Structures are given as structure tokens and as C-alpha cells.
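Heads up: the structure comes next, in C-alpha cells.
The values are calculated or read from the model by the stated rules, or taken from the named source; none is laboratory data. Keep in mind that this is a model prediction, so the values were computed, not measured. Quick reminder, even Gly has a Cβ in these numbers, built from the backbone with ideal geometry, and neighbours come from all protein chains shown.
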Amino acid sequence: MRDRNTGLEEFHDLANDKFKFSIVPNINTNPYKLFNILTLDLAISKKYSEDLWLEGIFTFGKFVYNSISQINATNPVDHDEENETFTSFGIGIGRRTTYLRDFIYSENFYETIQAYFNLARFHENFLNQNFFGPGLRADYGMHYRFSESMHFGFKISYNIYAVRRSESFENEPASPRHLSLSWLSLGTDLSFYY
């Protein structure tokens with residue numbers, strides 16, 4: 001951006017940021033199955049120190065089963081085309097860096113790196129079962145600050161969860177009740193600073 005009066009490039013002082021609210025829609029990174037993973041992240045962040053942020057995140061979405069997990073050998077039901085739902089919330093820490101500026105000569109570009117610990121609910125529609133459990137998430141984003149109160153960017157997210165459902169009968173083995181979920185997604189990040 002250029003100043004209208006002077007023609008000089010404007011940049012926004014990141015030190016003035018205190019809080020951030022982010023909206024991030026995500027899709028699958030597989031170009032042949034882009035819409036097999038659709039999630040929406042809502043995050044609120046508070047600046048902790050110069051480059052560190054404390055963050056809370058809420059995610060909900062819809063998946064095609066085989067995009068995030070594999071069929072459990074002890075329960076070989078064909079889930080391939082089922083649309084499953086997912087909800088999670090978590091807390092984490094984020095870091096904002098300016099290493100990108102060494103390659104892109106603009107004061108308005110920067111990166112974010114985030115890590116979260118989440119709790120999730122996964123609803124499997126074919127058998128109508130709910131799975132609950134912990135998970136981890138790691139994000140890397142590249143952003144352009146186009147105004148003092150907003151940025152737009154792209155974010156890549158890796159998610160991994162270990163979820164489990166309750167027993168269907170007494171002394172049911174753990175293996176058929178457990179699912180490992182993992183996926184990589186690409187999102188567009190629109191954030192508001194205040």
C-alpha cells in the first residue's frame with residue numbers, strides 16, 4: 001500500500017496489536033478431492049509478548065471418511081462416501097515472525113506458526129456413533145497486512161487426533177472403539193485486530 005499524499009509505502013506497526021479474531025475456511029490439500037475436507041476455524045488470540053500469542057480455537061467441519069481415517073479391520077463397514085461431522089476446541093500458542101520479509105520486500109508480509117492442544121467430537125454417520133478424544137494441531141501461515149486492523153493470508157494445517165467411542169457391550173475390546181484421525185488442509189485466513 002502507498003500513502004496517498006507522499007507516494008511512500010505504508011507499513012503497519014505490529015507492536016500495537018493486542019487481540020486478534022480469525023476466520024479460516026479450510027479445504028483438502030488433495031487437488032482431486034478438494035471438498036472431501038471442509039472445515040471452518042474461529043480463533044481468538046491475545047498478545048502475550050512481542051511475538052507470542054495465546055490462542056483459543058473452535059473448529060467444525062464435514063469430511064468424507066476415507067480422507068481422514070482408514071477402515072478399522074475389526075469393523076470393516078464401507079464408510080468411503082459417508083459425510084462425517086467433526087467439532088473441536090482447544091488452546092495453543094502462536095508465534096509471528098518476519099523471516100518472509102527477507103524474500104519479499106514489503107513490511108506488510110509476515111508468517112505465523114501455531115500449535116494447539118484440542119479436544120474433539122467426531123460423529124460417524126453410518127453407524128450413528130460419537131467418538132471423543134484429544135488431538136494436536138500445527139499451523140503455518142503467510143499473511144499480508146492490508147490495513148491496520150486486518151490481514152489476509154493462507155494457512156496450512158496438520159491435524160492428528162485419537163478418538164474413542166463408549167462401549168457398545170460390556171468388556172468390548174478397545175481396538176474397534178478407537179479411531180485415529182489425521183489430515184492436512186489449506187485455508188484462507190482473514191483476521192481482525194483490535
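Data overview
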{"read-out": "Hits in the range 105-138 (condition: more than 17 Å from Ile68 (Cα to Cα) and under 16 Å from the mean Cα position of the chain (by Cα))", "value": "Glu111, Thr112, Ile113, Gln114, Ala115, Tyr116, Phe117"}
{"read-out": "Any hit, the range 35-49, residues being surrounded by fewer than 14 Cβ atoms within 10 Å (Cβ to Cβ) and at pLDDT below 80", "value": "no"}
{"read-out": "Residue among Phe86, Phe60 that alone is of a type in the set (Phe, Trp, Tyr), surrounded by 20 or more Cβ atoms within 10 Å (Cβ to Cβ) and either in contact with an Asp or Glu (Cβ under 8 Å, 6 or more places away or on another chain) or at pLDDT 85 or above (or both)", "value": "Phe86"}
{"read-out": "Residues located in the range 92-128, provided they are under 18 Å from Val163 (Cα atoms) and of a type outside the set (Ser, Thr, Tyr)", "value": "Phe117, Asn118, Leu119, Ala120, Arg121, Phe122, His123, Glu124, Asn125, Phe126, Leu127, Asn128"}
